[in-house]
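The structure appears below as structure tokens.
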């Protein structure tokens, strides 16, 4: 992997790391704010103006969680504000790196590389996008929802979690045809944006659908399939078992579907080939790297183990 340096705007010289998919940037990002949620979940807002200017829904950053830890961790971008130069990430502290990251404070800086990967499609949406996020797969769904909102496209959001959601669950005032009336729980940010959203969990959280988020999605699709099936397309990110279930739903109802895969990564730039997934291509089955060939793939192309 080669490196080059350049000047961008008024910034001092920074590393630029090119790969065969795009050019990603190395940036020292200052922590602007931190929030802790139940279930050892944390949200960070980082001052990262160049990544914020280039980031798209589905992109991720590869960051050093602490100065003493050289191996970086991939983190999906949850929001990016190019005007004010910040990005948001959400993570669960469950290993050495993420636990160290949870201990960082406002004013600390994090070395990050990004934006990396192939994002969700950016245009030519069907009339009824259905966005499904599970657990730490929620961040790219939030980013995509904001992208759609800015383009006057009205999605439906469904989120699932088996730990407390990383936001206060509030009752929605936005009605959704095809959703049981007692299922009212929503993410406050979506409610503020006027985007209908519903939550699912098997943990008995108030206002949430009692079951998997994929079961809630199937319920809604069945309600609309005869009249509007050709207008629905699905976008999802979450654990592999959830994504496999979403792919099965898309195949069952013949829906367009893009999935953002989660995978362990070492370099995050395509050099180590440590994050392969089996994919169907026009030339036959091939191994593709989640970091640079993805993380977003067409669901029909993915061969799940």
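Just so you know, all these numbers are worked out from the coordinates, no wet-lab data involved. If you're wondering where the values come from, they're calculated on a predicted model, not measured in any experiment. Here the Cβ positions follow ideal geometry from the backbone for every residue, glycine too, while neighbour counts run over all protein chains shown.
List of remarks:
- For 59, 219, 147, the sequence from fewest to most other C-beta atoms within 10 Å is 219, 147, 59.
- Calculated mean residue ellipticity at 222 nm for the chain: -6000 deg cm²/dmol, from DSSP H runs with n ≥ 4 weighted as -39500 (n - 2.57), summed, divided by the residue count and rounded to 500.
- Gyration tensor (alpha-carbon) shape descriptor, segment 95-175, a/c threshold 1.5: oblate
- Estimated from the Cβ-Cβ distance and a Förster radius of 22 angstrom, the FRET efficiency linking residue 40 and residue 96 is about 0.95.
- Rg/Rh for segment 181-253, where both radii come from Cα atoms and Rh is the Kirkwood radius: 0.97
- P(r) weight above 37 Å for the chain, C-alpha pairs, percent: 13 percent
- Among 136, 183, the ranking by other beta carbons within 10 Å of each residue's beta carbon, starting with the fewest, stands as 183, 136.
- With Cα atoms, 0 to 90° folded angle of helix 213-228 axis to the chain main axis: 60 degrees
- A simple spin-label model places the labels of residue 153 and residue 81 2.4 nm from each other, with each point 7 Å out along Cα-to-Cβ.
- Taking every alpha-carbon pair in segment 137-207 and binning the separations at 5 Å intervals from zero gives 3, 17, 30, 25, 18, 6, 1, 0 percent.
- Taken along its principal axes, the alpha carbon cloud of segment 229-280 reaches lengths of 41, 17, 16 Å, longest axis first.
- Fluctuation leader among 153, 106, 277 - the chain, Gaussian network, Cα springs under 10 angstrom: 106
- Geometric extent, Cα atoms of segment 100-141 - Rg, Dmax (angstrom): 15.8, 43
- Between residue 162 and residue 111, the FRET efficiency from the beta-carbon distance, with R0 = 41 Å, is close to 0.80.
- Here the Debye sum runs over all C-alpha atoms of segment 98-247 as equal scatterers in vacuum, and log10 of I(q)/I(0) at q = 0.11, 0.18, 0.20 Å⁻¹ comes out as -0.45, -1.12, -1.33.
- Largest first, the three principal axis extents of the alpha carbons in segment 253-305 are 37, 22, 18 Å in whole numbers.
- If you run the Gaussian network model on the chain, springs between alpha carbon atoms under 10 Å, then out of 127, 198, 45 the most flexible one is 127.
- For the chain, the longest principal axis of the Cα atoms and the long axis of helix 138-150 meet at an angle of about 80 degrees.
- Between helix 240-253 and the chain: long-axis angle, C-alpha atoms, 0 to 90°, nearest 10: 50 degrees
- Beta-bridge orientation, the chain: approximately 70 percent antiparallel, per DSSP, counting only bridges with both partners inside.
- Centroid-to-centroid, using Cα positions, segment 164-194 and segment 243-278 are 27 Å apart.
- Each of 91, 205 was scored by other Cβ atoms within 10 Å of its Cβ. Arranged with the fewest first, they read 205, 91.
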